Structure formats: C-alpha cells, structure tokens
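Everything below concerns the one structure shown next.
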Ligand SMILES: C[S@@+](CC[C@H](N)C(=O)[O-])C[C@H]1O[C@@H](n2cnc3c(N)ncnc32)[C@H](O)[C@@H]1O
C-alpha cells in the first residue's frame with residue numbers, strides 16, 4: 001500500500017498579485033512550458049481526434065497557450081475558454097489577438113456553475129492543469145456532462161499526487177532549475193492534485209460511468225472519445 005500525502009488544496013482563480021501580474025505569468029509560462037503546450041495540443045488530437053468543425057470548451061485556459069496551440073493545429077475548431085480569473089481572460093484575449101488567431105472567445109466564470117453555457121453546446125471539452133484548482137470537482141464534472149453533447153469528447157490533463165519515488169525524484173531535481181520560483185509552484189500544484197483513484201471516486205459520485213481515467217509517471221488524464 002502506497003503512502004500518499006493528504007491533498008493540500010490550492011485556491012481557485014489565479015489573479016494579479018503584488019509579486020506578479022498575469023501578463024508576466026503568461027510570458028513565463030510561454031517560455032518555460034512552450035513544448036508542454038504543444039504536447040498537450042498533440043495529445044488532444046491523437047487521443048480524442050476532434051470531429052471537424054468541433055465546438056470546443058476549454059476550462060481554466062489561464063493565459064490561453066494550450067487552446068491557442070490546439071487551434072493553430074486545427075484551424076477548423078471553434079474554442080470558448082472559461083476561466084474564473086478576469087485577469088487571465090484579459091491576458092488570454094490579448095494573446096489571441098497578438099497571435100492573430102480566429103475562432104477563440106473567452107468568458108469569465110466558474111466551471112462549477114457554467115451559467116452562460118447551454119446544455120449540449122460542445123463537441124469537446126478540454127482542460128490543462130486546472131483541475132487541481134477546482135473547489136468542487138464533482139460539480140464541475142456534472143456541468144461538463146451537461147454542456148457536452150451526448151456523443152461529445154473530453155480530454156482533461158493534470159498532475160497526479162501519488163507519483164512514485166522516481167517521479168518524486170525528478171520533480172525534486174528539476175524544480176531546482178526552473179526560474180521565477182516556478183519550481184515551488186510546480187510542487188504546490190502536485191500537492192493539490194488528485195490520484196487516479198480519487199478521480200475515479202469523484203466520477204462515481206457524480207454518476208458518470210463512461211469517462212476513462214488514465215495515468216503515467218507524473219500525470220493523469222480523464223478522457224472520453
Ligand atoms: C494553473 S492555471 C493553468 C492555466 C492553463 N490551462 C495552462 O496550462 O497554462 C489554472 C487556471 O484555472 C483557473 N481556474 C481555477 N479554478 C477554476 C474554476 N473553478 N473555474 C474556472 N477556472 C478556474 C485559474 O484561474 C487558472 O487560470
């Protein structure tokens with residue numbers, strides 16, 4: 001039996017603060033995680049193969065780089081990003097304009113209650129590294145199910161808290177070399193994340209039986225295709 005540390009929740013929205021604005025956060029993330037955003041977009045295409053012309057909802061887009069990479073690769077997609085942080089939406093909107101991308105719009109709102117979104121509005125829901133911030137994931141899963149078409153697809157990516165000793169060692173080593181204190185935030189994100197078993201339990205409580213939970217050394221994905 002694995003000795004898994006208790007979860008340490010990490011708030012909801014990420015907003016401008018005294019130390020860093022979301023414009024600065026956006027630039028740091030783009031520089032540090034550029035390849036990860038590309039990998040996320042490629043994984044969405046490979047794992048769930050969005051139908052041509054899909055209406056996509058991205059939950060917690062933050063500065064927008066994950067969805068921007070996806071729409072750059074699949075220009076047929078239309079993407080709506082929903083983020084609890086008005087500061088993040090300001091920056092994501094500016095990033096989309098600077099990149100000259102068509103087909104992406106953003107809304108400020110919490111995923112636990114998607115007040116502006118209709119039943120069955122989306123063909124695909126995606127999310128990258130936002131799940132560990134959701135205050136009530138069971139409510140979010142029920143809302144995703146509501147706004148997703150019955151045959152809709154899903155791809156949610158996040159860290160896993162129960163990584164093995166090798167994964168833990170990699171985080172301990174690499175986090176020392178990440179600038180701007182991002183190594184510290186990487187570790188707090190992992191501490192706030194879930195185990196695949198916890199996610200399976202939350203899905204069961206939400207009455208959702210047709211989503212799959214997958215995991216590798218450091219990450220977990222929830223998907224439906
Ligand atoms: C760690 S950031 C990840 C941003 C982006 N997906 C990326 O990979 O760079 C988490 C994002 O989720 C947003 N968020 C947190 N809780 C949320 C909620 N309940 N509903 C919608 N967005 C939320 C935060 O404001 C933040 O922008």
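Mind giving me the FRET efficiency for residue 178 and residue 23? R0 is 25 Å, r the Cβ-Cβ distance, nearest 0.05 is fine. The partial results should precede the final answer.
Values: r = 19 Å, r/R0 = 0.78.
Calculated value: 0.80.
Need one number: % antiparallel among DSSP beta bridges in segment 22-224, to the nearest 5.
Around 30 percent antiparallel, to the nearest 5.
Rounded, prolate or oblate, given the Cα gyration tensor of segment 22-224, with a/c below 1.5 counting as rounded?
On the way: a/c = 1.58, a/b = 1.11, b/c = 1.42.
Since a/c reaches 1.5 but b/c is at least a/b, the shape of segment 22-224 is classed as oblate.
What does the C-alpha gyration tensor say about the overall shape of segment 1-132? Classify as rounded when a/c is under 1.5, otherwise prolate if a/b is larger than b/c, or oblate.
Judged from the Cα gyration tensor, segment 1-132 comes out rounded (a/c under 1.5).
Once fully extended, how much extra length lies between residue 93 and residue 42, figured as 0.36 nm per residue of separation less the alpha-carbon to alpha-carbon distance?
Value of the extension gain: 16.1 nm.
Hey, rough spin-label estimate for residue 191 and residue 119, points 7 angstrom out along Cα→Cβ, what's it come to in nanometres?
Label at residue 191, label at residue 119, 4.3 nm between them.
Specify the inter-centroid distance of segment 167-193 and segment 1-79, based on alpha-carbon positions, in whole Å.
For segment 167-193 versus segment 1-79, the Cα centre distance is 17 Å.
Which of the three applies to segment 102-192, rounded, prolate or oblate, going by the alpha-carbon gyration tensor with a ≥ b ≥ c and a/c under 1.5 meaning rounded? Provide the component values of the computation, followed by the final result.
Working: a/c = 2.55, a/b = 2.16, b/c = 1.18.
Judged from the Cα gyration tensor, segment 102-192 comes out prolate (a/c at least 1.5, a/b above b/c).
Sorted from fewest to most neighbouring beta carbons within 10 Å, what does the list 139, 145, 5, 113 look like?
5, 113, 139, 145
Ranking 4, 202 by Cβ neighbours within 10 Å, fewest first, what do you get? Could you put the intermediate results ahead of the total?
Values: 4 13, 202 18.
Lowest to highest Cβ neighbour count: 4, 202.
Which ordering of 211, 65 is given by a fewest-first count of other beta-carbon atoms within 10 Å? Spell out each step's value before the answer.
Values: 211 17, 65 23.
Fewest to most other Cβ atoms nearby, the residues stand as 211, 65.
The numbers here are math on the coordinates, done by the rules we state, and not lab data. Everything numeric in this text was worked out from a predicted model, so none of it was measured. Quick reminder, even Gly has a Cβ in these numbers, built from the backbone with ideal geometry, and neighbours come from all protein chains shown.
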